[in-house]
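The values are calculated or read from the model by the stated rules, or taken from the named source; none is laboratory data. These numbers were taken from a predicted model, which means no experiment stands behind them. Counting neighbours? That spans all protein chains shown, and the Cβs are built from the backbone with ideal geometry, glycine included. We work out accessible area using only protein heavy atoms, side chains counted, and drop any ligands, DNA or RNA first. Shrake-Rupley method; radii C 1.70, N 1.55, O 1.52, S 1.80 Å.
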Amino acid sequence: MTPNPAVALLGLVLLSACGAGPGADRPRDLGDFRLGYDIVQANDVQQGPFSRRASAEELSGALQAAVDERLGRYDGDGLYHVGIAIGGYVLAQPGLPVVYTPKSVLMFDVNVYDNATRARLNDAPERITAFEGIRNLTPVVGSGLVRSREEQIANLAAEGARLVEAWLARHPEWFVPEPGRPRVAFDRGAGRARAAAAIAAGRGPDS
């Protein structure tokens, strides 16, 4: 059973996190992956303890832009849609150095759909927990003392997109090239509202 975001956030807010390692920004082998729709929803998002406030629009907009940038660089002949539901967040407030150094965190669930079959490829939503990672250069002090609210959101979104990419890379069986498969023309900027409605209704998004 997937844990409640609010409960999980309470346990994570004071934890340190490992940053992204060397080569984190290099493209991975994603087979025939090409990004179609990436729909990020932020309905009923839980604000964790000791957190600055962020709107649903700020969180979803930042994460969608980060996913666009990271996954949009792949140009396989297949077409895949990504649906993300943000469950909770913490934007760390200033704390006491060493004694109390709260961390920022973003939690969300991810699904990936094959445009050709309209099928969801993962059996259950993938829960991802993103910290600010190496972008928080002073972990002993705490993110809240050295980062603005906007910087924290941007850092969490970038790290979240990186983790989505890493998750996809762990499943090469989803993106095996099919010889002779026709390449579907696609404009990612068009029709996002229709795709979001389809995902909300529990269906795969249409192209």
Just one listed residue, out of 188, 192, 181, 147, is within 18 Å of residue 85 (Cα to Cα), open to solvent by 30 Å² or more (accessible area, probe 1.4 Å) and either at pLDDT below 90 or touching a His at 6+ places or on another chain (Cβ under 6 Å) (or both), and it is 192
Residue hits (segment 24-43; modelled with pLDDT under 90, open to solvent by 40 Å² or more (accessible area, probe 1.4 Å) and within 17 Å of the chain's Cα centre (by Cα)) are 25, 27, 28
